[in-house]
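Undergrad: One structure, pasted below without further comment.
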Amino acid sequence: MRHSIKTACAAIILSIGFSPLVWADDASDASKLYKAGQLNEAIKKIDAVLSQRPKDAQMRFLKGIILTEQNKPAEAITIFSKLTDDYPELPEPYNNLAVLYASNGQFLKASAALEMAIRTNPTYGTAHENLGDVYAKLASQSYDKALQLDSGNSTAKLKLNLVKNLIGNTTGGTNPKTTTNNPPPIASIPNTPTVTATPPAKVSEPKSTPTPPTKPVVPNNDKDNVLDTVEAWAKAWSSQNVSKYLNYYAKDFQTPKGESRSNWAEDRRSRIEGKGKIGVRIDAPHISIDGNVATVKFKQFYTSDRLSSASHKTLVLSKQDGKWLIKQERSGN
């Protein structure tokens with residue numbers, strides 16, 4: 001979706017009378033467990049910390065994040081609600097409440113939570129953007145109701161189409177989205193990026209530089225073929241056609257953690273197949289080609305039934321037997 005609700009995961013570091021070093025170790029342990037996909041172990045670690053420090057905002061916040069990913073919205077709502085009671089000066093718990101409410105179609109509650117986040121921090125850009133998305137969804141529902149009452153209302157129909165185009169709502173929902181940074185990641189379901197309240201950085205337009213006379217100009221059709229490959233890769237991912245998706249990766253693909261390609265492929269299959277609705281969209285791609293190697297930098301929007309994310313992605317492709325295949329995949333700027 002072009003616009004969707006963003007979940008915030010900010011570093012909530014509060015001075016509550018304990019050693020910063022101990023806190024950092026605990027947060028690091030929980031983060032490592034989360035990144036490894038060991039959600040139950042991460043919860044156990046967090047609960048052990050909370051038994052000693054029940055007011056620890058960071059641990060409670062991370063627990064709410066994990067419960068959200070485990071599809072336990074009621075428990076996550078309880079966590080974030082109590083955080084707003086104990087730390088009303090923090091905007092992030094309000095924002096995450098809004099995400100959960102919006103995911104359940106409770107857009108009035110979502111707007112109220114976002115208004116509190118903005119009241120707490122008027123410069124919180126993520127909450128402002130999310131509130132606009134919630135208002136757009138509420139408008140969509142109202143125009144839709146108007147058309148149910150009067151199917152000949154052309155003005156309402158036009159406005160409904162405009163709002164749907166604005167929020168990219170073609171399949172019926174405003175889904176939560178994340179961005180990348182610290183602390184422990186929240187929700188790129190397959191890739192687990194981290195989330196912050198900081199708006200995503202704008203992708204700079206590539207500067208035009210003269211091509212050295214000794215270096216041949218890259219044919220436009222090469223760039224078109226690379227872009228077609230990346231878009232087809234995203235489409236296969238979205239349709240959960242895992243076999244086709246994996247075929248876009250070269251046999252010598254450099255796996256992120258150095259594991260074997262077969263183990264990596266099996267992990268990707270388990271993360272994609274049977275996960276409900278998935279949508280992957282690329283935006284503002286910048287392609288550079290040097291011989292048989294192409295580098296594509298773009299902003300990736302990932303959405304699912306539960307959560308979404310926005311992150312910067314880099315793909316390095318190599319031309320093998322006339323086809324462009326992915327050799328490296330990196331997240332971040």
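Undergrad: Considering only residues that are closer than 23 Å to Ala74 by Cα and not charged (D, E, K, R), look in the stretch 127-148 and name the one that is surrounded by the fewest Cβ atoms within 10 Å (Cβ to Cβ).
TA: Restricting to residues being closer than 23 Å to Ala74 by Cα and not charged (D, E, K, R), the top hit is Leu138.
Undergrad: Could you look through the stretch 79-125, keep only residues that are open to solvent by less than 70 Å² (accessible area, probe 1.4 Å) and of a type in the set (Val, Ile, Thr), and pick out the one that is nearest to Leu138 (Cα to Cα)?
TA: Val99
Undergrad: Related question: Please enumerate the residues belonging to the stretch 229-253 that are under 23 Å from His286 (Cα atoms), open to solvent by 90 Å² or more (accessible area, probe 1.4 Å) and over 22 Å from the mean Cα position of the chain (by Cα).
TA: Asn247
Undergrad: If you don't mind, there's one more thing I want to ask. If the Cβ limit is 7 Å and pairs must be 6+ apart or interchain, which residue in the stretch 258-282 that is of a type in the set (Phe, Trp, Tyr) pairs with which residue that is surrounded by 14 or more Cβ atoms within 10 Å (Cβ to Cβ)?
TA: Partner pairs satisfying both residue conditions: Trp264/Thr255.
Undergrad: Among the listed residues Ser31, Ser19, Ser15, Ser4, identify the single one that is out of contact with any Ser or Thr (no Cβ under 8 Å at 6 or more places or on another chain), at pLDDT below 85 and closer than 30 Å to Ser238 by Cβ.
TA: One residue alone meets the criteria, Ser31.
Undergrad: One residue is enough: does the stretch 126-140 have a residue meeting the conditions farther than 30 Å from Asp29 by Cα, within 20 Å of the chain's Cα centre (by Cα) and modelled with pLDDT of 85 or more?
TA: Yes, the stretch 126-140 contains at least one residue that is farther than 30 Å from Asp29 by Cα, within 20 Å of the chain's Cα centre (by Cα) and modelled with pLDDT of 85 or more.
Undergrad: Next up: Select from the stretch 270-297 the residues that are more than 20 Å from Pro256 (Cβ to Cβ) and either open to solvent by less than 50 Å² (accessible area, probe 1.4 Å) or not in a strand (DSSP E or B) (or both) and list them in ascending order.
TA: Gly274, Gly276, Lys277, Gly279, Ala284, Ile287, Ile289, Gly291, Asn292
Undergrad: Moving to a separate point now. Of everything in the stretch 298-330 that's open to solvent by 10 Å² or more (accessible area, probe 1.4 Å) and of a type in the set (Phe, Trp, Tyr), which residue is farthest from the chain's Cα centre (by Cα)?
TA: Trp324
Undergrad: Condition first: under 22 Å from the mean Cα position of the chain (by Cα) and farther than 25 Å from Gly64 by Cα. Can you find one or more residues in the stretch 269-279 that meet it?
TA: Taking every residue of the stretch 269-279 in turn, at least one turns out to be under 22 Å from the mean Cα position of the chain (by Cα) and farther than 25 Å from Gly64 by Cα.
The values are calculated or read from the model by the stated rules, or taken from the named source; none is laboratory data. Everything numeric here is computed off the predicted structure, so don't read it as measured data. All Cβ positions, even for glycine, are placed from backbone atoms using ideal geometry, and neighbour counts span all protein chains on display. Surface accessibility is based on the protein's heavy atoms, side chains included, excluding ligands, DNA and RNA. Shrake-Rupley method; radii C 1.70, N 1.55, O 1.52, S 1.80 Å.
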